[in-house]
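Have a look at the structure below, then the notes.
The values are calculated or read from the model by the stated rules, or taken from the named source; none is laboratory data. Bear in mind that the values here come from a model prediction, so they are computed numbers and not experimental data. Counting neighbours? That spans all protein chains shown, and the Cβs are built from the backbone with ideal geometry, glycine included.
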Amino acid sequence: MEGIARLVSMIDEIWSRHMSKTKFLQGKIAFVQGGSRGIGAAIVRRLAAEGAAVGFSYASSVEKAEALADEVRAAGGRAYAIRADSADEAAVRQALRDVVERFGGLDILVNNAGVLPWGSIEALPLEAFDRAMAINVRSVFVASQEAARHIGDGGRIINIGSVNADRIPVAGGAVYAMSKAALVGLTKGMARDLGPRHITVNNVQPGPVDTDMNPADGESAARLRALMALDRYGRADEIAGLVAYLAGPEAGYVTGASLNIDGGFSA
Ligand code: NDP
């Protein structure tokens, strides 16, 4: 009896070791629009750590992008960086086609690239409005349309919106809030369009996250923290965790949703 118990416990241990090594995105191919820094870089790392081959774009951070791709490859993953300004329709479409060609398909698109135009409506230049719309909204349409031509049934599209779509508690963020609110509707409509192919489309809405865009020691940080249930900024890897869940097999029934991950900013 003792021998059998020992054997069962050995099998148990081998099985749990095997399960902990199972990567739930093994064999999947992902494209992250805007992946060189901040939340996007954390998403690239996490998807690659779960086994996905990841292509990602950036606008100008060549060194950071190449260093990230090297880091993923050194850890045994597959990644490559491609310069493609999200405001440039042709560049975005080409970047997606490059990923499809290089890795042999597409399963997951993450639209993360974003800019933060800041200033009162009384003074904000029209160029800032147009640029925010081009990067925060139009590029999501363009990349999703191109992805829809290549992505297989059961694929995933994940947009990175913001809690500011629902709540903008300080002055100066009207255009940013509008651009992120646009993603709520775009996500719902795309979920309907692509539902028949079992492609899910979701919108992750972070609260304040410590990145170059919104540093935890920046001038408005204390004011933002005071508005939250948890008195701290989020970390980029926490956002990446939700993105990985939405990209994975357990999230097949979640679609058209805008999901807050915000330390209670909107509670
Ligand atoms: P960062 O400014 O730290 O990083 C932005 C990333 O997007 C970089 O990789 C950047 O590339 C890329 N990017 C920006 N513009 C373009 C472009 N025109 N073409 C291609 N890539 C581009 O931002 P965060 O990581 O903080 O933000 C990521 C997303 O999360 C954004 O959509 C943002 O609105 C959203 N968000 C952020 C929050 C926060 O508190 N940080 C809160 C809620 C939402 P490059 O390095 O080349 O410039």
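Within the option set A128, A95, A123, being modelled with pLDDT of 95 or more and within 19 Å of the chain's Cα centre (by Cα) holds for one residue only, A95. For the range 202-215, indicate whether the set of residues that are within 12 Å of the ligand (Cβ to nearest atom), over 15 Å from the mean Cα position of the chain (by Cα) and part of a helix (DSSP H, G or I) is non-empty. Within the range 202-215 (the criterion being within 12 Å of the ligand (Cβ to nearest atom), over 15 Å from the mean Cα position of the chain (by Cα) and part of a helix (DSSP H, G or I)), the answer is no, since none of the residues qualifies. Say we look at the range 12-61 and pick out the residues that are modelled with pLDDT under 95 and either within 16 Å of the ligand (Cβ to nearest atom) or of a type in the set (A, V, I, L, M, F, W, C) (or both); which of these is nearest to I158 (Cα to Cα)? Filtering the range 12-61 for residues that are modelled with pLDDT under 95 and either within 16 Å of the ligand (Cβ to nearest atom) or of a type in the set (A, V, I, L, M, F, W, C) (or both), the one nearest to I158 (Cα to Cα) comes out as M19. Please determine whether any residue of the range 95-117 is within 16 Å of the ligand (Cβ to nearest atom), out of contact with any Ser or Thr (no Cβ under 6 Å at 6 or more places or on another chain), within 29 Å of G252 (Cβ to Cβ) and free of Cβ contacts under 8 Å to residues at least 40 places away in the same chain. No: zero hits. Across the range 132-141, a minimum of one residue is classified as near the ligand (Cβ under 9 Å from one of its atoms) and either part of a strand (DSSP E or B) or among the hydrophobic types (A, V, I, L, M, F, W, C) (or both).
Report, by residue number, each residue of the range 163-201 that is surrounded by fewer than 23 Cβ atoms within 10 Å (Cβ to Cβ), in a helix (DSSP H, G or I) and among the small types (G, A, S). Scanning the range 163-201 gives A165, A174, A177, A181, A182, G185, G189, A191, G195.
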